[in-house]
Amino acid sequence: PPRVLSGIQPTSESFHLGNYLGAVKQWAIMQDTHDSYFCVVDLHAITLDPPAPEVLRERTRVSVAQLLAAGLDPARCALFAQSHVPEHAQLSWVLECITGFGEAGRMTQFKDKSARSGTDSITVGLFTYPVLMAADILLYQADAVPVGEDQRQHLELTRNLAQRFNSRYGPTFTVPEAFIGKETAKIYDLQDPTVKMSKSLGEAGTINLLDDPAVLAKKIKRAVTDTGTEVRYDPAGKPGISNLLNILAATTDRGVEQVAGEFAGQGYGTLKGAVADAVVAFVEPFAARTRELLADPAEIDRVLAAGAARAREVAANTLAQAYDRVGFLAAA
Ligand code: AQP
């Protein structure tokens, strides 16, 4: 079967609905059709505003619990922590040495995040983040990488680096394809439906999967809508309403046109009520399951250990090949 690799950062207490609909939901589906590798990218989580060590440890376990609650099955996929597989950092170095400085400087996520944080807190790690991400993917010879729209440019860099390495040193890496859904590729902030829902944006516009249901319902009812009164799917003209329709469609497993049709002629308030009900119905059992899993951290650590062992089998092999191609002597 084709191989899939994807990762998620343990950067906050909870994943948000954009993470889930844009990426994680797809992972749970792909584990049945692909040879699957999914990781919590803790190395990436210290690139900007590094959390206290005990907070990072806790967030990594909470992330794993959420991935399990979302349906990832350690019997059907390798689920691991990035830092448990040292080959990620090792391959990253080699890739850094074939990445242009200007090329890395053109990454819009770096430009946005560094502009938001001010130059004092910007690290070299934030700059080379996309190269580490390329290493994450290329180590596993992944054919497909399910991500949200915001990661498209990083995927393009990954493809370029794979092709560059292959043409310089001989065929080594599979050139991966981005796997980006249609309507759910970009879930927008409830308070500003022109920007993506994001952990680092304000709380009020972010649907956190571990939020209290009452808080979630309130956030959805306060979502910014558009002028006019008509419920219609029109992402350019009606970004707020279209975002809500996408969320409703995705959380009830229906097409967005069907959902839009159902609400035609009804008011914004009715739509918001339905979205709140659908999101709460999805989130309640998800959060309960996550808490159950978190009650047994030793089991989470066992899942990670088994996942890392499986991941390393593939990663060590690819790294050895890449080192050899570059001309590093085999360690005696
Ligand atoms: N709003 C979104 N809509 C669809 N997909 C999204 N993803 C993130 N936001 C949306 C996808 O979620 C996966 C994991 O994300 P991540 O945690 O690795 O990185 P991120 O994109 O940095 O997440 P945030 O919340 O947006 O964090 P900040 O605020 O730090 O930028 C990825 O596949 C991503 O595409």
### Task
Kindly check whether there is at least one residue in the range 258-265 that is among the polar types (S, T, N, Q) and in contact (Cβ under 8 Å) with a residue 24 or more places away in the chain.
no
## Note on the structure
Residue pairs within 8 Å by beta carbon, gap of at least six or interchain, first lying in the range 200-215 and under 18 Å from Leu21 (Cα atoms) and free of Cβ contacts under 8 Å to residues at least 24 places away in the same chain, second of a type in the set (S, T, N, Q) and near the ligand (Cβ under 10 Å from one of its atoms), listed first then second, are none
### Among the candidates Thr33, Thr47, residue that is open to solvent by less than 40 Å² (accessible area, probe 1.4 Å) and over 18 Å from Glu299 (Cβ atoms)
Thr47
### Query
Which one of the conditions (1) out of contact with any Gly (no Cβ under 7 Å at 6 or more places or on another chain); (2) surrounded by 20 or more Cβ atoms within 10 Å (Cβ to Cβ) does Asp136 fail to meet, given that it meets all the rest?
(1)
### Task
Given the conditions (1) surrounded by fewer than 24 Cβ atoms within 10 Å (Cβ to Cβ); (2) in a helix (DSSP H, G or I), report the number of the one that Asn19 does not fulfil.
(1)
## Note on the structure
In the set Ala70, Ala75, Ala52, the lone residue that is over 25 Å from Val131 (Cα atoms) and either modelled with pLDDT under 95 or away from the ligand (no atom under 16 Å from the Cβ) (or both) is Ala75
### Query
Limited to the range 133-176, what total is found for residues that are in contact with a His (Cβ under 7 Å, 6 or more places away or on another chain), in a helix (DSSP H, G or I) and closer than 17 Å to Ala320 by Cα?
2
### Message
Can you report the number of residues in the range 1-43 which are under 18 Å from Leu126 (Cα atoms) and either more than 7 Å from the ligand (Cβ to nearest atom) or out of contact with any helix residue (DSSP H, G or I) (no Cβ under 7 Å at 6 or more places or on another chain) (or both)?
### Response
5
### Query
When the range 49-69 is examined, which residues are found to be touching a strand residue (DSSP E or B) at 6+ places or on another chain (Cβ under 8 Å) and among the β-branched types (Val, Ile, Thr)?
Thr60, Val64
### Qualifying positions in the range 160-195 - of a type outside the set (S, T, N, Q), more than 11 Å from the ligand (Cβ to nearest atom) and in contact with a strand residue (DSSP E or B) (Cβ under 8 Å, 6 or more places away or on another chain)
Pro176, Glu177
### Task
Evaluate the following for Val231: is it within 20 Å of Leu245 (Cβ to Cβ) and within 16 Å of the ligand (Cβ to nearest atom)?
no
#### Entry: Ala315 over 26 Å from Asp211 (Cα atoms), open to solvent by less than 70 Å² (accessible area, probe 1.4 Å) and touching a residue at least 12 places away in the same chain (Cβ under 8 Å)
yes
### Query
Does Lys113 satisfy being more than 30 Å from Gln31 (Cβ to Cβ), near the ligand (Cβ under 10 Å from one of its atoms) and open to solvent by 30 Å² or more (accessible area, probe 1.4 Å)?
yes
### Task
Check every one of the helices (runs of 4 or more DSSP H) wholly within the range 182-268 and list those with 3 or more residues that are surrounded by fewer than 16 Cβ atoms within 10 Å (Cβ to Cβ).
213-221, 256-263
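Any residue at all in the range 254-266 that's under 25 Å from the mean Cα position of the chain (by Cα) and within 26 Å of Ser12 (Cα to Cα)?
no
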#### Entry: Selection count, the range 148-172, where residues are in contact with a Phe, Trp or Tyr (Cβ under 8 Å, 6 or more places away or on another chain) and either open to solvent by 10 Å² or more (accessible area, probe 1.4 Å) or among the polar types (S, T, N, Q) (or both)
2
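The values are calculated or read from the model by the stated rules, or taken from the named source; none is laboratory data. No experiment lies behind these values; they were computed from the predicted model shown. Here Cβ is always computed from backbone atoms with ideal geometry, including for glycine, and neighbour counts include all displayed protein chains. The area values use the complete protein model at the heavy-atom level, side chains included, leaving out ligands, DNA and RNA. Shrake-Rupley method; radii C 1.70, N 1.55, O 1.52, S 1.80 Å.
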